[in-house]
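The structure under discussion appears below in the form of structure tokens.
Every number in this text was worked out from the coordinates using simple rules, so none of it is lab data. Remember, predicted model here, so these are calculated numbers, not experimental data.
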Amino acid sequence: MKRRKQITRLLIAVLASLVLVSGCTITENISFKQTGYHYSDFDFTVEDFFIAVLEDFSEFDPENEDIPLMDKAIGDFEKALQYSPTTRNVGLKKLDEHSYEGVFEFSNLQRLITDLGAGENQSLLDIGEHSMTFFLSMDNYDQLVPVIPFLADENFEAFGPVYNQGLSEADYLEMISFMLGEEGPPAIERSVITLRVNTPKEITSFSNGKKVAQRVYEFSFPLIDFLLLAEPITFTVRW
């Protein structure tokens, strides 16, 4: 029973992570305006496999509630966004059994990350007058943990980057296969996180990612890169 409860917590953590990320395809659009509030919308679709596993293990969780686990995770994320004084018009919606979408407006994205727990001296995100830089590595991973509290859960830590430094992708996926079955590794390998930045002016330069239009920049990375964090996940876009 204890073992099943730990696996349930792990799955909730993995399914809910950055920017809510695991076993799914996530796309977030951030639109910077020249004046006033900026805008963000996102959508993600969870793999059928992970939904089935979550439902299976939730039956053995003594803290099981009537609310589906993914719905609860989404609801908690919505409350966190609403709590920040930098946001307004926050709204998240369930489209079907496997898909969700959300929108919110923000006045200061860097301040939002700070308010969510990264701290005044956070180095995860830097927003300039004409630029945006994101940088995540093992050196500042501890700043991300307060923003996404379940990363500190002892049941997730063993599967996250802190406990898996130096582990190869093949060895990590073998571990997942042992824990979740043979469908686990390919589901994780299919999981991709994509961020699109719509800039108020034409893009002048960028590092990593790609420019898909004069004012649209796109950065994608596989979930496994976050789970291992063997190399920094970083990009910069300027306009």
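Per the Debye calculation on the stretch 77-217 with a single equal scatterer at every Cα and no solvent contribution, log₁₀ I(q)/I(0) for q = 0.10, 0.14, 0.16, 0.17 Å⁻¹ amounts to -0.48, -0.96, -1.22, -1.32.
Rounded to whole numbers, the Karplus 3J(HN,Hα) couplings from phi for the stretch 166-175 are x, 6, 6, 4, 4, 5, 5, 5, 5, 5 Hz, using 6.51 cos²θ - 1.76 cosθ + 1.60 with θ = phi - 60°, and x at Gly and Pro. Here the gap between Val216 and Gln165, fully extended at 0.36 nm per residue and compared with their Cα-Cα distance, gives a gain of 15.0 nm. Using alpha-carbon positions, what is the distance between the centroids of the stretch 173-236 and the stretch 119-133, in Å? Comparing the Cα centres of the stretch 173-236 and the stretch 119-133, I get a distance of 19 Å.
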